[in-house]
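Reviewing the structure listed below.
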């Protein structure tokens, strides 16, 4: 069809995060990160994160037993998010820092480990008027 867009993947529906101790991982994502817990079955647990669901799961085969990709959670106020996560017992491996300065914003990113040793990040795009 002329003028129609060709097929392309453009939305994330769900992200899988490996968990060797599912109950420990559920407690971390629910209680420390404050994510909205949906439900848990014997080898999986589900959380809602905006339009995307995050699935914690025990690896069902060796090819699924590896660290997760790095999830970057977008936050409005990185200082408040950082402070709140520390108060909840999250240990950062790199505190939020300026990563990039664009013409209209600064990108700030901080990294921590989840309960399963996956690297996770928080990020914020600070408008230049707010960044200074």
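What follows is calculated from the coordinates using simple rules that are stated; it is not laboratory data. Everything numeric here is computed off the predicted structure, so don't read it as measured data. Ideal geometry is used to build each Cβ from the backbone, glycine not excepted, and the neighbour counts take in all protein chains shown.
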Any idea how many residues of the stretch 1-41 are more than 22 Å from residue 65 (Cβ to Cβ), in a helix (DSSP H, G or I) and touching a residue at least 24 places away in the same chain (Cβ under 8 Å)?
-> 2
When the stretch 77-93 is checked residue by residue, the ones that are out of contact with any helix residue (DSSP H, G or I) (no Cβ under 9 Å at 6 or more places or on another chain) and either over 20 Å from residue 29 (Cβ atoms) or assigned to a helix (DSSP H, G or I) (or both) are 77, 78, 79, 80, 81, 82, 83, 84, 86, 87
Matching residues in the stretch 47-73 - criterion: being without any contact (Cβ under 8 Å) to a residue 24 or more places away in the chain and not in a loop (DSSP other than H, G, I, E, B) | 47, 48, 62, 63
For the stretch 5-23, enumerate the residues that are under 17 Å from the mean Cα position of the chain (by Cα) and surrounded by fewer than 17 Cβ atoms within 10 Å (Cβ to Cβ).
-> 11, 12, 13, 14, 15, 16
When you scan the stretch 107-130, how many residues do you find that are part of a strand (DSSP E or B), within 11 Å of the chain's Cα centre (by Cα) and crowded, with 19+ Cβ neighbours inside 10 Å?
-> 3
